[in-house]
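Every number here is computed from the coordinates shown, using simple stated rules; none is lab data. Remember, predicted model here, so these are calculated numbers, not experimental data. Every residue, glycine among them, receives a Cβ derived from its backbone with ideal geometry; neighbour counts consider all protein chains shown.
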Amino acid sequence: MVPTMCISCNGALDGSLEHVFPQALGGTKKSRDLYCSACNVRLGAEIDAPFTKDFEFATTALNVKRDRGAPPVLKATTTKGTRIYLGPGGVPSMHAPTSTIIEAPDGTRQVVIKVPADRPEQHEHMLAKTAKELGIDAAALPLASISFKIASAGTVNGEMAAGGPQQARAVAKIALGFLALEIGDEVFTEPYATLRLAVTHGGDARAWLNRPFRQLVAPILPLTDGVQHRVIIYTTMNQTWAYVEVYGVYGYGVLLAETVDARFASPYVWAQNPTTGASGEGRASGTPLPTPVCKAATPTQEDHRELLTTMYRVAFEIAYESTIDEEVAIAFAQLGEGDPRDPAFLGELHRRITERLDALQDRRVVNLSRPVASKDVLDRIRQALRALPQRNKRRDAEDGD
Ligand SMILES: [Zn+2]
């Protein structure tokens, strides 16, 4: 059962596609039966955009699936004050390639070029740029060595916002969308008038704020069973509630109506893993219901713990994977054609990988450089490293929607 008019302005529907849970947070449930184009555009800019911005750090760190493109690469700062980029999955990378010219006392000059490990080709551009600065031909700069350096992602400063009338309106909009798709045109009846007004005219927050039980309640119920979004619509003794959960950590209670809607005696439940995009919905009589809390709560650092722990784990696992990829690329690039993969070689590879993974555990910046003097070996390392992101992109495409 779906509404036959725009649930914001009561105007005619014109096929505008609404993501009921914002797609930038991974939401996959869509409908063309909720808002007209004008309301969809207006409410998207007023409500969805600032709401998803509040969770941008988590969206990127968790590599949340979305309909179009990857989560944004964010500028971040480590706790030591280093500026870095934080890519999808929490993968840190250098802010920009750098080139430093070092003058030795004997008059010789050394050029140190640093590029992100996943963008080795930037090295060529930096080499040309530096040669130009020095007023010499790039080919005249002898390539002496290359070092690999990776950093752990455990100590990046992240910002998230939770609470306030703006988020209350966004959460109410999510709840209203799910409700409307369940009850259709009855969403236009009196019990839900206040909710629709609050979503449509959130700019005038007085009616909303004068009723403390309608305020955002976050968090009600920090979970420990992994990262997910969830929406539950249910009745209590004399009220109808929605519970909207973001990233499995923030729970927001929304009072839908001060009357019982018998259709939700058996709760409607929608749940989704935002990183895989997998979702499920239905009526689940056994669903444990969160307790509505009738006052606003101020989230604390402690409330973020579960989310930050999850983000760290994801970033750490990816750092592990990329460490192994890099080390294997280096090791095999250094083997000559037809070299036997003898036990000593495999033992050395195993030792170096173990050393780098142990260093990651320390959460410190790791520099396990091994200078490579041969241009030929260097080329082969670069080729092997270039192939890695390609392979990862293919894997992502296969997983995609
Ligand atoms: Zn409208």
Q.
I want to check the label-to-label distance for Arg68 and Gln122. Put each point 7 Å from Cα in the C-beta direction and report it in nm to one decimal.
A. 2.7 nm
Q | Sequence ranges 182-192, 47-57, ranked by mean other-Cβ count within 10 angstrom, highest first | A | 47-57, 182-192
Q: Would you kindly derive the ³J(HN,Hα) couplings of segment 49-54 from the backbone phi angles with the Karplus curve 6.51 cos²θ - 1.76 cosθ + 1.60 (θ = phi - 60°), listing them in order in whole Hz, with x for Gly and Pro?
A: 4, x, 5, 5, 4, 4
Q. Label Thr276 and Tyr320 with points 7 Å out from Cα along Cα→Cβ: what is the distance between them in nm?
A. 1.8 nm
Q) Which entries in the list Lys29/Lys65; Lys65/Lys173; Lys75/Lys173 go over 19 Å, if you measure between the two C-alpha atoms of each? A) Lys65/Lys173; Lys75/Lys173
Q: Take Val41, project a point 7 Å from its Cα along the Cβ direction, then tell me which residues of segment 1-32 have their backbone nitrogen under 14 Å from it.
A: 14-17
Q | Förster-model FRET efficiency, 45 Å R0, Ser285 and Ala12, C-beta, rounded to 0.05 | A | 0.75
Q: Would you mind calculating the gained length between Gln110 and Thr98 on full extension (0.36 nm times residue separation, minus the Cα-Cα distance), in nm to one decimal?
A: 2.9 nm
Q) What is the distance, in nm, between label points placed 7 Å from the Cα along the Cα-to-Cβ direction at Val2 and at Met237? A) 3.9 nm
